[in-house]
Amino acid sequence: DANRQRVPYLCTIDMLSGVMTVQGELGADMYNLAIDGEGTFYGVGYGNGILYSFTADTIANPTNLGDLGNYTSRALNSLAWDHNEDTLYWAYCADGRTQLLKIDTQNAEADLVRTLSFAVVGLYSMMTSCSRIPTRSTTCP
């Protein structure tokens, strides 16, 4: 910003032209964003272990959903929304390993699914049913 402060922004990028458009200033410093089929974003607060949610209309005032417990995000990590199960997953990396966690979006409770012996920094869940397509999408896998 004008005062040389680090300010987080939510941006969209046109995949064909590469043009970036700022959607708004995030009201919390977070990364590892995932979005569900209803337009709700989820993000992990940088360095504080808080799970936040927001929509396009509430970018500046995200909701604190709770503390993720012993998982404080300071390294490369990845969130993904599983549209088949309506479930949020987090690949939490620490000490060269990844703990794949299933996150309860009501209370930020993190349940360990599996520990991997390598770092995962690009978590993705493939949609397998056309009935689960988010409302703005026009294609089906």
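The values are calculated or read from the model by the stated rules, or taken from the named source; none is laboratory data. Because the structure is predicted, anything quoted here is derived from the model rather than measured. All Cβ positions, glycine included, derive from the backbone under ideal geometry; neighbour counts span all protein chains shown. Surface areas here come from the heavy atoms of the whole protein model, side chains and all, with no ligands, DNA or RNA. Shrake-Rupley method; radii C 1.70, N 1.55, O 1.52, S 1.80 Å.
Element breakdown for the chain at a 1.4 angstrom probe: carbon and sulfur atoms account for 49% of the accessible area.
Farthest towards the positive end of the charge dipole of the chain, among the residues THR40, ALA60, THR12, is the Cα of THR12, using unit charges on the Cβ of Lys, Arg, Asp and Glu. Calculation over all alpha carbon pairs of region 1-85 in 5 angstrom steps from 0 returns a P(r) of 3, 13, 21, 24, 21, 12, 4, 1, 0 percent. Legend: calculated FRET efficiency, THR128 to ALA56, from the Cβ-Cβ distance at R0 = 22 Å, rounded to 0.05, equals 0.25.
Solvent-accessible surface (1.4 Å probe) assigned to THR115 amounts to roughly 60 Å².
Label sites at GLU109 and THR87, each approximated as a point 7 angstrom past Cα along Cα to Cβ, lie 1.4 nm apart.
Under unit Cβ charges (Lys, Arg +1; Asp, Glu -1), what dipole magnitude, rounded to 20 debye, does the chain have relative to its Cα centre?
Around 380 debye, computed over the chain.
Of the listed residues MET126, MET15, the order by accessible area with a 1.4 Å probe, largest first, is MET15, MET126. The 1.4 Å probe gives accessible areas that order PHE54, PHE41, PHE118, largest first, as PHE118, PHE41, PHE54. On the beta carbon distance between ASP14 and LEU116, with R0 = 30 Å, the FRET formula returns roughly 0.35. On a per residue basis, region 1-99 carries 57 Å² of accessible surface, using protein heavy atoms and a 1.4 Å probe.
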